[in-house]
Amino acid sequence: MPTLKQIAQAAGVSTTTVSNVINGNLRRVSGDTAERVRAIIRQTGYIRNEAARALAQRETRLVAVNLQTHGEDNALLNPYSAVFIGALTARLYHHGYHPLLRFSDDFQTVEEDIVGWNVAGAIFNGSFTRYLTQIRSLAAVPTVLTDCYYDLPGVNRVDVDDAGGGRVAGEYLSRMGHRRVAFVANSPDESAVEIHRLAGLRGVIDVPDRWVIPFADIAGGGRLDVLTSGSDRPTAFFCASDLIAIQLIRALDARGLRVPEDASVLGFDDLPMATVCTPQLTTVAQDIGMKAQLVVDMLVRHIRDKSLPPERATLGVRLVERDSVARIE
């Protein structure tokens, strides 16, 4: 493997110039010189030794990406998490950083990664509610939290307008003639994200407590049988995620109930799977790619300038109308 010095000699420039080209610092390097250096790098097959670079500069290009698992063995089986982490990883690569991915509900293991690997920054996807004080104690490590409804002084946040999403869902269902609407979520009494989505819905449509349903009760079957029997039953279901919505459609179909003819179903997220299910899912869309970009760009700004004040960004949402909601009189 050629050395930096050998590449500099072949290009007729200093090792500092070669280093600037490799690291993208081109303000003091002409275009012709930069291209000459790149050509020699390609010809020689030079690959930067990241371990040596990290040792010399006392920093890594690693970012700890912490995904709350809620007891799951593989958090990426959740399609939202898979899409978000994929977009996050691509954006980190764009900036020259590499994800150190951790699935955990235990802050101690997360802290071991952050300290032990001397990461440049950290991203927490999920509330990590029990560990907010400890996360705040990592003041030396630039950090961005997503989907967190707890104010932490000095911590950066990127959120989605969940209450606005619930309101958009309620307004659309109301326009379509629905007055009896149930809300289905994983943890409607505990998840701050789901609580805000329900609050937005309730700002438009009166949803009785008996129609706020944990998905586990739907998956078990009995609650859904009771819910869909009789004349005074919900005409529509607003689900806290597309995954829940699609699983609900399957459960309704297993009971001989057609969507949207017998019951309308509305999701949240606009995942790719929303267009390949039958019927295609009407949903409240959040821009997951943009969310990942905001998270990474915010983190990189704070890695490069640790004196910056904390930031907060909130993404808007929009309705995507497909085939799973019917108009009723």
Would region 184-191 turn up any residue that is in contact with a helix residue (DSSP H, G or I) (Cβ under 6 Å, 6 or more places away or on another chain) and either modelled with pLDDT of 95 or more or not in a loop (DSSP other than H, G, I, E, B) (or both)?
-> yes
Would you say Met298 is closer than 24 Å to Thr89 by Cβ, in the same structural domain as Ala82 (by TED's automatic domain parsing), out of contact with any Ser or Thr (no Cβ under 6 Å at 6 or more places or on another chain) and part of a helix (DSSP H, G or I)?
-> yes
Would you point out the residue of region 268-294, among those that are over 21 Å from Val158 (Cα atoms) and among the aliphatic types (A, V, I, L, M), that is surrounded by the most Cβ atoms within 10 Å (Cβ to Cβ)?
-> Leu281
Working only within region 224-250, note down all residues that are surrounded by fewer than 19 Cβ atoms within 10 Å (Cβ to Cβ) and part of a helix (DSSP H, G or I).
-> Asp225, Val226, Gln247, Arg250
Residues being at pLDDT 85 or above, of a type in the set (A, V, I, L, M, F, W, C) and within 30 Å of Leu145 (Cα to Cα) - total across region 22-66 | 4
Residue identified as at negative phi, in contact with a helix residue (DSSP H, G or I) (Cβ under 7 Å, 6 or more places away or on another chain) and of a type outside the set (Gly, Ala, Ser) among Arg258, Arg233 | Arg233
Restricting the search to region 154-191, which residues are surrounded by 17 or more Cβ atoms within 10 Å (Cβ to Cβ), of a type in the set (Gly, Ala, Ser) and under 20 Å from the mean Cα position of the chain (by Cα)?
-> Ala163, Gly164, Gly165, Gly166, Ala185, Ser191
Any idea which of (1) assigned to a helix (DSSP H, G or I); (2) among the acidic types (Asp, Glu); (3) more than 17 Å from the chain's Cα centre (by Cα) is the one Glu194 doesn't satisfy?
-> (3)
Counted residues in region 104-158 being out of contact with any Leu (no Cβ under 8 Å at 6 or more places or on another chain), of a type in the set (Phe, Trp, Tyr) and at pLDDT 75 or above come to 1
So which residues in region 197-223 are assigned to a helix (DSSP H, G or I) and not hydrophobic (A, V, I, L, M, F, W, C), if there are any at all?
-> Arg197, Gly200, Arg202, Asp209, Arg210, Asp217, Gly220, Gly222, Arg223
When residues of region 301-329 are filtered for being among the β-branched types (Val, Ile, Thr) and under 17 Å from the mean Cα position of the chain (by Cα), how many remain?
-> 2
Scan region 274-283 and give yes if some residue there is closer than 26 Å to Arg318 by Cβ, in contact (Cβ under 8 Å) with a residue 24 or more places away in the chain and assigned to a strand (DSSP E or B), otherwise no.
-> yes
Identify the residue in region 23-45 that is of a type in the set (Ser, Thr, Tyr) and touching a helix residue (DSSP H, G or I) at 6+ places or on another chain (Cβ under 7 Å) and, among all such residues, is surrounded by the most Cβ atoms within 10 Å (Cβ to Cβ).
-> Thr33
Residue count, region 251-273, condition over 22 Å from Arg175 (Cβ atoms), part of a loop (DSSP other than H, G, I, E, B) and of a type in the set (A, V, I, L, M), comes to 2
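The values are calculated or read from the model by the stated rules, or taken from the named source; none is laboratory data. In this text, all values refer to a predicted model and were calculated from it rather than measured experimentally. No Cβ is skipped: glycine too gets one built from the backbone with ideal geometry, and neighbour counts run over all protein chains shown.
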